[in-house]
Amino acid sequence: MPRTAVTFIHETDSIVPSLVFLPPEKEERFFIRIFLRSGKMDLALGNPMASRKSLHELFPVTGPLVAPQQVHGTSVVKAAPGNAIPERPKADGVLISDPGVEGSLRFADCFPVVMASAVPSPWIAILHSGYKGTVLDITGKTCESLFRKEGADPSRTWAWIGPGIGKKHYFRKMGEEWTTEGLRSFFPGCSRIEGENAFFDLGGEIRQRLLAGGLKEDNICSIPLCTFHNNDVCYSYRNGDRENRLFLLAWLR
């Protein structure tokens with residue numbers, strides 16, 4: 001029986017455990033996985049090409065790899081040969097609209113945000129949304145670009161959020177400029193103050209930005225893993241992982 005909802009599978013029986021993001025239609029056209037803590041990812045030390053090479057036996061390379069230099073901004077580059085390694089354009093998102101080029105991003109507490117659709121033709125957008133990227137609204141700005149300029153249909157778009165650091169573990173000092181900006185701009189219920197610290201629900205805020213961008217609630221899937229708390233499965237910068245990164249890899253078939 002075909003699926004009718006956006007979902008994911010946690011594959012733990014592989015030498016490289018991963019989360020497989022599954023769209024409800026034309027699943028065979030999409031490859032979207034985030035590779036979790038493992039010996040192979042440990043050895044890659046967050047290097048995108050080393051991470052990709054370590055996966056080649058399991059998932060043969062389908063084309064050049066786009067792996068932008070992530071700068072906690074809102075720029076999104078297209079998955080095109082001119083943006084592929086050895087080029088490393090500064091960006092925090094990759095838009096994949098054609099087969100033959102792979103897109104990738106890396107994470108260790110910041111949130112992966114994936115959007116995809118089969119309409120008007122298959123496409124995938126992968127985003128890196130940490131605290132600053134969430135405050136700057138990389139998700140909302142990408143929605144605006146996709147739906148107003150690229151002709152995508154928000155009602156037929158699916159999204160996945162996470163895994164990233166949970167709201168119980170992400171906090172910033174009160175009085176800092178970026179803290180103040182987050183308290184000002186986040187949706188109600190996505191921040192709280194405890195003493196000298198402000199806690200932020202990044203995943204919840206990203207969901208609100210997707211809804212504001214036009215996505216349907218039922219088309220958004222939040223991954224129930226906290227990178228800080230589930231540090232046996234994920235890498236977490238705040239929990240001591242200074243170099244290793246989760247590796248998000250996507251392409252169209």
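FYI, it's all coordinate maths here, none of it is from the lab. Only a predicted model underlies this, so the values are computations on that prediction, with no experimental measurement involved. Reconstructed Cβ throughout: ideal geometry from the backbone, glycine too, with neighbour counts over all protein chains shown.
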Quick one: would you say LEU43 is exposed (fewer than 14 other Cβ atoms within 10 Å of the Cβ) and assigned to a loop (DSSP other than H, G, I, E, B)? no
ILE206, sole failed condition from (1) out of contact with any Gly (no Cβ under 8 Å at 6 or more places or on another chain); (2) surrounded by 14 or more Cβ atoms within 10 Å (Cβ to Cβ); (3) farther than 17 Å from ASP109 by Cβ: (3)
Working only within region 192-205, note down all residues that are within 24 Å of the chain's Cα centre (by Cα), small (Gly, Ala, Ser) and not in a strand (DSSP E or B). GLY203, GLY204
Can you tell me how many residues in region 164-191 are surrounded by fewer than 17 Cβ atoms within 10 Å (Cβ to Cβ), among the aromatic types (Phe, Trp, Tyr) and part of a loop (DSSP other than H, G, I, E, B)? 1
Within region 217-253, residues being in a loop (DSSP other than H, G, I, E, B) and either on the phi > 0 side of the Ramachandran plot or of a type in the set (Ser, Thr, Tyr) (or both) number 4
Within region 122-163, take every residue that is closer than 18 Å to PHE187 by Cα, buried (at least 24 other Cβ atoms within 10 Å of the Cβ) and small (Gly, Ala, Ser) and give me the one that is farthest from the chain's Cα centre (by Cα). GLY133
Would you mention how many residues in region 53-87 are more than 17 Å from PHE35 (Cβ to Cβ), part of a loop (DSSP other than H, G, I, E, B), hydrophobic (A, V, I, L, M, F, W, C) and touching a helix residue (DSSP H, G or I) at 6+ places or on another chain (Cβ under 7 Å)? 2
Would it be correct to say that ILE9 is under 19 Å from PRO224 (Cα atoms) and aliphatic (A, V, I, L, M)? yes
Can you pull out the residues in region 10-37 that are out of contact with any helix residue (DSSP H, G or I) (no Cβ under 7 Å at 6 or more places or on another chain), crowded, with 17+ Cβ neighbours inside 10 Å, in a strand (DSSP E or B) and not aliphatic (A, V, I, L, M)? SER18, PHE21, PHE30, PHE31, ARG33
